[in-house]
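The values are calculated or read from the model by the stated rules, or taken from the named source; none is laboratory data. These numbers come from a predicted model, not from an experiment. Cβ placement follows ideal geometry from the backbone for every residue including glycine, while neighbour counts extend to all protein chains displayed.
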Amino acid sequence: MKHINIYLVLLIFILSLNGCNDEEFLTAEYYQGVVDVNFLETPAHAKPAVTGVYDVMSYKGTNWDKMILGSSGADDIVEQHGDANWASLIAIDQYRWVPEEQGDPKHIWKYWQAYYAGIQRANLVLEKLPALEGMNETLKKRYIAEVKALRAYYYYNLVIAFGDVPLILKSLGYEEAINITRSPEADVWAQIIKDLTEAEPDLPDYYDSQEDKGRVTKGMTNALLDQVYLWQKDWVKAEAAAKKVINSPAGYELEPNYADLFNGVSEYSKEAIFTAMRAAGSESQNIWSDYMDETNYIILWGPFASWSWFYQPDTNFVRHNTYIDPNDYRIDTMTYDVIHEKYDLNNNGDYTDDPIWHSPPGDIHMMKWVPVNVDLTTGAIWSGGYGYVDQMMIRLAEVYLDYAEALIQQGKDINTAIEYINRVRRRGGAGDITTFDKTELLNIILNERKVEFCFEGKRFFDLKRMGKLKEVLGPLGWKDYMINYPIPQEEIDLTQMEQNPGY
């Protein structure tokens with residue numbers, strides 16, 4: 001029962017919060033202590049308790065493993081190196097998916113436990129916060145809305161990866177936890193929609209206070225709703241939700257320079273709709289986890305790190321794509337190709353002074369979230385000193401493509417759909433598309449998503465949603481039953497859950 005006790009039942013209470021910079025709600029100094037009857041008993045407890053629900057997104061198991069399942073399990077990343085310690089990662093790339101993963105870390109299980117840790121925290125806050133006395137009611141409603149939206153986001157990531165999953169809407173004790181079963185996928189989708197629609201009215205369009213940057217807004221709930229409705233093929237509702245984001249008073253705009261979304265230059269970009277904030281350099285630790293370095297998230301890849309061998313862009317994707325416009329610079333700016341010397345690591349026009357790890361046979365390194373204009377040769381990266389680049393989980397470019405897809409699927413206002421696709425392409429240097437054929441347009445959107453969101457862990461789930469897994473991944477070894485990832489064996493052994501078919 002160790003895993004459920006640690007990650008779903010035994011929670012850590014934040015006793016103190018004293019922020020010190022622009023990411024105040026994540027960069028505070030915290031102290032550890034076990035949750036007890038005093039949890040969320042005063043208004044002063046509310047902010048740190050809600051912050052703890054956000055903190056799940058600082059886990060490597062939340063974002064790093066999301067990228068591995070979504071990209072290594074697809075065709076934009078290839079794992080060409082490995083050893084016993086990284087057996088799980090290599091197995092995902094080679095379609096040897098099993099419930100009982102080998103090596104450490106176990107990526108499928110870490111993905112599972114991280115999101116359920118967040119859901120358990122959210123449930124605890126939603127049980128306690130409504131009854132809290134002496135708190136400003138408007139702020140209380142906003143905090144409740146934030147937590148509901150986060151719970152919806154965590155369930156969204158679980159259901160797209162595993163299909164039927166346990167739908168848990170209250171904090172669990174030991175006996176309840178060991179008796180959980182999986183809920184029908186339709187029920188989970190319905191709860192996601194319920195949480196998001198209930199949250200939206202009590203959230204602001206944007207935050208005036210710098211210390212609240214990164215918190216959930218109306219834009220996040222509507223952007224996630226548009227994605228939910230696309231999964232459900234409810235094109236009308238997907239269009240409406242996406243249009244709310246596009247017309248939002250928040251004034252979302254595409255970042256002019258694509259690379260600036262990932263290199264630390266435009267951290268508070270107007271394109272960002274929902275961001276996993278990084279807190280490197282602070283005194284904080286991940287107070288909800290048994291990991292002690294997760295909030296100070298270090299770079300785990302790049303041309304200066306041997307670990308880049310384990311998350312390497314696929315050669316065919318980078319060098320041999322027939323569908324990428326030759327003027328499109330997005331892939332070039334997000335990779336370091338040792339052969340072609342495409343990336344100026346030190347941003348000084350001199351490729352010869354860049355410290356590059358050569359890792360044949362690929363010699364291509366992923367460069368997203370690697371900061372520019374810093375000396376990456378000092379060793380500070382290993383202590384988290386340069387792990388401060390925020391990771392945008394939902395941004396306006398995705399909403400533009402969602403909106404276009406919803407219109408095309410309805411056969412409605414195709415000129416508008418094409419214009420929104422072209423806005424994304426133009427920002428990347430690619431030329432406009434002109435076709436009006438529905439099948440061609442949907443394939444263009446799928447390919448556009450692969451380029452725009454390369455290495456971000458979206459590709460496998462895009463292929464799954466659009467019914468393209470067998471066509472695209474079948475030749476690489478993917479099998480029909482792999483439409484869902486296996487439920488981790490640790491969870492099967494400890495509960496009443498049944499395994500996904502085929503495993």
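Results for (1) in contact with a strand residue (DSSP E or B) (Cβ under 9 Å, 6 or more places away or on another chain); (2) modelled with pLDDT of 85 or more; (3) of a type outside the set (S, T, Y), shown as yes or no for each residue.
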{"site": "L224", "(1), (2), (3)": "yes, yes, yes"}
{"site": "E239", "(1), (2), (3)": "no, yes, yes"}
{"site": "E271", "(1), (2), (3)": "yes, yes, yes"}
{"site": "S282", "(1), (2), (3)": "no, no, no"}
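Total residues in segment 417-443 satisfying the condition of being surrounded by fewer than 12 Cβ atoms within 10 Å (Cβ to Cβ) and in contact with a helix residue (DSSP H, G or I) (Cβ under 9 Å, 6 or more places away or on another chain): the figure is 1.
Restricting attention to segment 481-503 and to residues that are charged (D, E, K, R) and within 18 Å of V159 (Cα to Cα), the residue that is surrounded by the fewest Cβ atoms within 10 Å (Cβ to Cβ) turns out to be E498.
Is it the case that segment 217-235 has a residue that's over 19 Å from the mean Cα position of the chain (by Cα) and without any contact (Cβ under 8 Å) to a residue 24 or more places away in the chain?
yes
Residues in segment 298-310: is at least one at pLDDT 50 or above and polar (S, T, N, Q)? Yes, segment 298-310 contains a residue that is at pLDDT 50 or above and polar (S, T, N, Q).
Filter segment 18-70 for residues that are in a loop (DSSP other than H, G, I, E, B), among the charged types (D, E, K, R) and within 27 Å of the chain's Cα centre (by Cα); which is modelled with the lowest pLDDT?
Filtering first and then ranking leaves E29.
Considering T275, T217, T221, the condition of being crowded, with 17+ Cβ neighbours inside 10 Å and in contact with a helix residue (DSSP H, G or I) (Cβ under 6 Å, 6 or more places away or on another chain) is satisfied by T221 alone. May I ask you to verify whether L150 is touching a residue at least 24 places away in the same chain (Cβ under 8 Å), surrounded by fewer than 24 Cβ atoms within 10 Å (Cβ to Cβ) and of a type in the set (A, V, I, L, M, F, W, C)? Here the answer is no, as L150 does not meet what is asked.
Please state which one of E471, E490, E448 is within 22 Å of D226 (Cα to Cα) and of a type outside the set (V, I, T).
Answer to the check: E448.
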